[in-house]
Structure formats: C-alpha cells, structure tokens
Amino acid sequence: MPVPPNPLRKALVVWLYAAALMHLLAGLMLTWAGHSGLLDDYLNTIELAFWGADSVPATARAQQVWWLALFGATLQSYGVYMLALVHIGNRLKSAMPWGWLIVGILLWAPQDMWISAQARVWSHLWFDSVALLVLLPPLLWLYRHDRQTSLPDNAPSESNHG
C-alpha cells in the first residue's frame, strides 16, 4: 500500500533544493566577483584577522581573491552534488542520500569551525552555525521519515526493538 504524500516532506525537499541552488549561486559569486568590490568588506575582515591593523600587502588581497575563486569553484561542485542527492532522495524516497548529505555536513562543519576559530574569523563560526541549523534538522527529519516509510512491512523497525 503506497504511503500518502507528506506535505512537510515536500516542503523540506523544496527547502533543500533551494539550499543547493544557493550553494551553486554563492560559488559562482565567489569565483567571479572577487575583483568587483562586492566582497571587499568580507576580505577586509580576513585581512584584519591575519594582518591586524598593519598595512596589508597588495599581494595578500590578490591571494585572497584567488583562494575565494578556487573555493567558489569547489562550492559550485558541492551545490551540484547536493542538488543530485536531494533529487535522488526525493525521487527514491530513500534515506541514503539524506544520510550522505548529513555525513558531508558533519565532516565539513567541525573542521571549518575549528580552523576559523584558530584564525579568529568569527563570522565563519556564525555562518557555519546558521548552515547547521538550517540544513541538519530537515535532513535528519527526511532521513528518519524515508527510512521508516521504506522499511518492508515485515521488517523490524527500531521501535520494535524494546
């Protein structure tokens, strides 16, 4: 007997599609907007973390823009992979794609937060915390929901293990 569609599931999937598209668009911006002045405030915070109030060599800014462009390209590919996993999870109603997204986020976030804290780039800690809050709860809900609905009728579920 097919499981009726769950409106919360649909909303969370749409949310994750939007998050994946935002990763793709943010990656494009980071790759191509470095010299536009659009990222100057952000680049200034990085310069303050590493150079303090000292004068920052022009080559330091050039290197930051280069690193941002590389990171942006990586973020673009992450956005594409995220789109693919969200699409697969949605179509197959399988817990596995949600699980892989959870693993990827849990691999990335603590390292990113630790490295950012070491450099005293606090904006990254805030950004990472927001990312965790907006991505993990929907992914965990979808993982649990799709895992429960994909179990065969005769398979024991976690709730049957007392």
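Computed from the coordinates by the stated procedures, all read-outs in this text should not be read as laboratory data. Only a predicted model underlies this, so the values are computations on that prediction, with no experimental measurement involved. Here the Cβ positions follow ideal geometry from the backbone for every residue, glycine too, while neighbour counts run over all protein chains shown.
So here's what we get for this one:
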| item | result |
| --- | --- |
| Phi to ³J(HN,Hα) by Karplus 6.51 cos²θ - 1.76 cosθ + 1.60 over region 32-47, Hz, x for Gly, Pro | 10, 10, x, 8, 7, x, 4, 9, 4, 4, 4, 4, 5, 5, 5, 4 |
| Paramagnetic label zone (point 7 Å from Cα along Cα-to-C-beta, LEU70; backbone N under 19 Å) in region 14-40 | 27-35 |
| Sequence-separation-based contact order of the chain, relative, with Cα cut under 8 Å and 6+ spacing, percent | 27 |
